[in-house]
Amino acid sequence: MKKMVSGFTAAALLVSPFGGSFAGAESHDEKRVIVVFEETADSREMGDAVKEAGGVVTESFEQVPVATAEVPAGGIDELLDDPAVQSVEEDILISLNTQSVDWGIPNTNTPKAWTSGWTGEGVKVAVVDSGIAAHTDLRIAGGVSTVDYTASYSDDQGHGTHVAGIIAAADNSYGVVGVAHEASIYAVKAFNAEGQAYLSDLVEGIDWAITNDMDIINLSAGTRSDSTAFRSVIDKAYANGILVVAASGNNGTSDTSVDTVNYPARYDSAIGVAAVDKYGRRASFSSAGPDVEVAAPGVRIMSTYTGGQYAYMDGTSMATPYVTGVLALMKQAYPNLSNKELRALLTEQAKDLGVAGRDVSFGYGLVQASEFEPMAEPAAMMGLKLNASSITGVPGTERALTVTAAYDDGTSRDVTAEAAWTSDNAAVAEVAGGKVTLKGYGTTIVRVSFDGQSAAIAVDVPEPVTLTDLDLSASSVSGEIGESVQVAATADYSDGS
């Protein structure tokens with residue numbers, strides 16, 4: 001039997017769709033104006049004044065001596081000459097600003113990133129959830145359905161659409177706006193209309209995200225049960241450079257010493273997210289435990305919903321996409337940083353909450369965006385330098401080599417332990433971590449490489465020289481007593497000398 005994962009614990013309050021503006025008619029020949037009369041003027045006097053100017057009253061008011069009217073452009077001066085008229089104003093058209101900025105946006109410092117131009121553009125985010133419904137405030141880049149009852153990745157539950165809006169609702173003057181409103185969101189429908197998913201459907205969805213080169217996976221769901229398959233695919237995603245952001249769960253109690261964090265937020269390869277309210281307090285439902293890495297807004301969060309609507313929802317499910325959105329801004333700002341480096345930056349910039357340092361309720365603290373100023377380009381390495389030019393000796397001799405990397409900014413550093421060492425002939429010399437051990441007679445080359453650069457050193461272990469022959473310059477000598485005779489001896493050796 002397939003295992004089901006229940007992922008959504010959040011309350012939704014539907015609200016009406018945003019939209020609309022004040023509108024008014026205006027002809028080419030007439031002006032729509034507001035006429036302010038003296039306090040003593042009655043409706044008959046106001047009507048007569050406008051009529052004499054060639055216009056018509058369209059509306060008058062009970063509490064103030066004001067009338068709206070349509071009058072010819074030339075009649076405005078005539079109205080102003082009337083002693084009963086105080087002023088004539090154009091009835092201007094006012095647009096209704098209907099885009100709502102959820103409280104979580106300023107609390108996560110997101111506008112600072114926007115003013116620096118970071119919007120998540122070019123970053124690919126897989127929302128593994130109940131799908132994403134078509135909505136005027138969402139741009140869906142693509143997706144997949146892993147459930148067995150439909151091939152559509154459209155949302156028939158609501159949760160996934162809400163999560164997607166927190167990440168990337170468009171900045172379009174209506175509705176809501178997402179943290180990374182220009183990120184590319186992909187709908188991975190793994191949950192059904194009841195908010196449940198088979199574990200295999202989740203694994204398939206994450207597998208799809210790996211295959212399709214996603215930058216971030218948002219998992220606003222979890223289970224109390226560990227799974228080898230689940231852990232394996234989450235680890236695989238992380239190993240492939242993908243950031244995995246997971247809800248810690250809504251199982252929190254007043255006793256935060258009890259670990260209530262769900263999987264996959266418990267895995268080392270996932271970022272576990274807790275929820276806070278607008279005052280920076282831990283949400284009562286937010287799971288706590290040592291695997292909570294950061295916290296984010298998760299109480300009464302407004303976002304997109306099915307049917308073109310918007311909704312308020314609570315949960316660590318809502319906090320998770322806030323973290324995903326901030327990571328998308330970081331990824332755009334620092335495209336060359338690895339997922340591990342971005343994760344470290346996320347925790348480094350978090351606003352500490354609760355007890356000092358990392359804790360079970362907030363992790364490193366409330367996630368924060370910033371201007372994400374460009375990082376200085378690292379110095380380029382110019383080459384490697386070994387501390388010796390050659391090695392000679394007899395078998396059993398050991399020599400310690402060091403290698404130094406030189407950079408274009410004039411700095412250098414010892415990279416002996418980090419470099420890769422090899423010997424062309426291990427029978428002559430072996431090398432590990434810069435330590436060379438002479439093993440046998442002959443010659444070889446010891447090579448070292450680091451960060452695309454390399455260097456080499458010659459190793460010579462000569463065989464011992466032996467005496468092969470001894471010759472005298474004379475076979476015999478003779479002479480008088482007291483006479484000296486010079487005899488030369490020549491030794492021949494195995495090396496030809």
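Only the coordinates and a few stated rules stand behind these numbers; no lab work does. Since the structure is predicted, the reported quantities are computational estimates derived from the model, not experimental observations. Neighbour counts run over all protein chains shown; Cβ positions are idealised from the backbone, glycine included.
At a 10 angstrom cut-off on C-beta neighbours, averaged per residue, how do the peptides 489-496, 71-78 rank from highest to lowest?
Ranked by mean Cβ neighbours within 10 Å, highest first: 71-78, 489-496.
At a 10 angstrom cut-off on C-beta neighbours, averaged per residue, how do the peptides 240-248, 461-469, 308-316, 354-362 rank from highest to lowest?
By packing density, highest mean first, the sequence is 240-248, 308-316, 354-362, 461-469.
Compute the angle between helix 199-211 and the longest alpha-carbon principal axis of the chain, please, reported from 0 to 90 degrees and rounded to the nearest 10.
70 degrees
Among the lysines, which fall within straight-line cross-link reach of K278, defined as a Cα-Cα distance under 16 Å, with same-chain neighbours fewer than 8 residues apart omitted?
By straight Cα distance, K278 reaches K351.
At 7 Å along Cα-to-Cβ for each site, give me the label-to-label distance between V56 and V477 in nm.
15.1 nm
What number does region 30-90 give for Rg over Rh if you use C-alpha atoms and the Kirkwood radius?
That ratio is 0.90, to two decimals.
Can you compute the helix-only [θ] at 222 nm over the chain? Use -39500 (n - 2.57) per DSSP H run of at least 4 residues, normalise by all residues, nearest 500 deg cm²/dmol.
It comes out at -5500 deg cm²/dmol, rounded to the nearest 500.
What ³J(HN,Hα) values, in whole Hz, does the Karplus curve 6.51 cos²θ - 1.76 cosθ + 1.60 give for region 124-139 when θ = phi - 60°, with x put for Gly and Pro?
Per residue, the Karplus-derived 3J(HN,Hα) values read 9, 10, 8, 9, 7, 7, 8, x, 9, 7, 4, 7, 5, 9, 10, 10 Hz.
How would you rank 135-145, 296-306, 363-373, 449-459, highest first, on the average number of other Cβ atoms within 10 Å across their residues?
296-306, 363-373, 135-145, 449-459
How much length, in nm to one decimal, is gained on full extension between Y441 and E377, taken as 0.36 nm per residue of separation minus their Cα-Cα distance?
This chain segment gains 18.3 nm when fully extended.
Suppose R0 equals 45 Å. What FRET efficiency, 1/(1 + (r/R0)^6) with r the Cβ-Cβ distance, do V36 and Q99 give to the nearest 0.05?
Between V36 and Q99 the formula returns 0.85.
With the crude spin-label approximation of a point 7 Å out along Cα→Cβ, what separation in nm comes out for D207 versus A458?
5.7 nm
Under 5 Å between amide hydrogens, which residues at least 5 positions from F191 or on another chain qualify, with H placed 1.01 Å from N in the peptide plane?
Hits under the 5 Å cutoff: D129, S130, G131.
Provide the FRET efficiency to the nearest 0.05 for the S43-R139 pair, computing r from the beta carbons and using R0 = 45 Å.
0.30
Which lysines have a Cα less than 23 Å from the Cα of K385, not counting those fewer than 8 places away in the same chain?
Answer for K385, where 23 Å is the Cα cut-off: K435, listed by chain and number.
Express in % the proportion of alpha carbon pairs of the chain at distances exceeding 40 Å.
52 percent
May I ask for the angle, rounded to the nearest 10°, between helix 316-333 and the longest principal axis of the chain, with both axes built from Cα atoms and the value confined to 0 to 90°?
Helix 316-333 sits roughly 60 degrees off the main axis of the chain.
Whole-Hz ³J(HN,Hα) for each residue in region 262-278, computed from phi via Karplus 6.51 cos²θ - 1.76 cosθ + 1.60 with θ = phi - 60°, x for glycine and proline: what do you get?
Computed from phi, the couplings for region 262-278 are 7, 8, x, 4, 6, 6, 4, 7, 10, 9, x, 10, 9, 10, 10, 8, 5 Hz.
Report the relative contact order of region 317-424, percent, no decimals, based on alpha-carbon pairs under 8 angstrom and at least 6 residues apart.
Normalised by residue count, the contact order of region 317-424 is 17 percent.
For region 158-175, just list the computed ³J(HN,Hα) in residue order, Karplus coefficients 6.51, -1.76 and 1.60, θ = phi - 60°, integers in Hz, with x standing in for Gly and Pro.
x, 4, x, 5, 5, 4, 4, x, 5, 6, 9, 4, 5, 8, 9, 6, 8, x
Compute the helix-to-body angle for 339-349: its Cα long axis versus the longest principal axis of the chain, expressed 0 to 90° and rounded to tens.
With rounding to tens, the tilt is 60 degrees.
Could you pull out every residue, at least 5 positions away or on a different chain, whose amide H is within less than 5 Å of the one on A283? Hs are placed 1.01 Å off N in the peptide plane, and Pro or chain starts have none.
Sorted by chain and number, the residues that satisfy this are A275, V276, D277.
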